[in-house]
Amino acid sequence: MRRPVLIATIVFVGMSLVAGAQKNDPDAQKIADQYQAAFNKADVQAIVALYTADAMRVGPDGQLITGRPAIEKSYVEGFAGPLKGATLTLQQGGSQVVTPEVKLMEGRFSTAGGSPVKGRYVNTIVRKGGTWLLASVVTIPDPPAAR
């Protein structure tokens, strides 16, 4: 008798989680599109303008970078080095509203040219003055293919 209740509870919780995650969130898609366009132009100023002043970024190398000035420096160095000539493709996955001013978004990324890498991203975006900005960016590269 308890088993059907447990199964029904699991199904309900699972459906609630799925309902809470949105595909094609327009706010998340807009910031992803802006980021991809700026990256593909190697436009450091446009990229940095998408971040909050105190944003945190974990790049594919696992390094934590905090604040716009440090993030800007990392992109300047990246576009002069391993990201030189690279292009970025972002594929939005799901998003979740935490509060009316905070959303989580996730998806897939891949770069071509430069030092190619593929993986997943998980970002926190916040609305400040009516504009959605990146408060945190975490990129997780795919593990190397098994040989």
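The numbers here are math on the coordinates, done by the rules we state, and not lab data. None of the values given here were measured: they were computed from a predicted structure.
Between D54 and T87, residue separation times 0.36 nm minus the direct Cα-Cα distance comes to 9.3 nm. The slack between R120 and V76, meaning 0.36 nm per residue of separation minus the straight C-alpha distance, is 13.6 nm.
Normalising the Debye intensity of the range 101-146 to I(0), with uniform scatterers on Cα atoms only, and taking log10 at q = 0.29 Å⁻¹ returns -0.99. Is the range 21-147 best put as rounded, prolate or oblate by its Cα gyration tensor, with a ≥ b ≥ c the root eigenvalues, rounded for a/c under 1.5, and otherwise prolate when a/b is larger than b/c, oblate when not? Oblate. Taking square-rooted eigenvalues a ≥ b ≥ c of the alpha carbon gyration tensor, is the range 42-116 rounded, prolate or oblate, where a/c under 1.5 means rounded and, failing that, a/b exceeding b/c means prolate? Oblate shape, in that a/c is at least 1.5 and b/c is the bigger or equal ratio.
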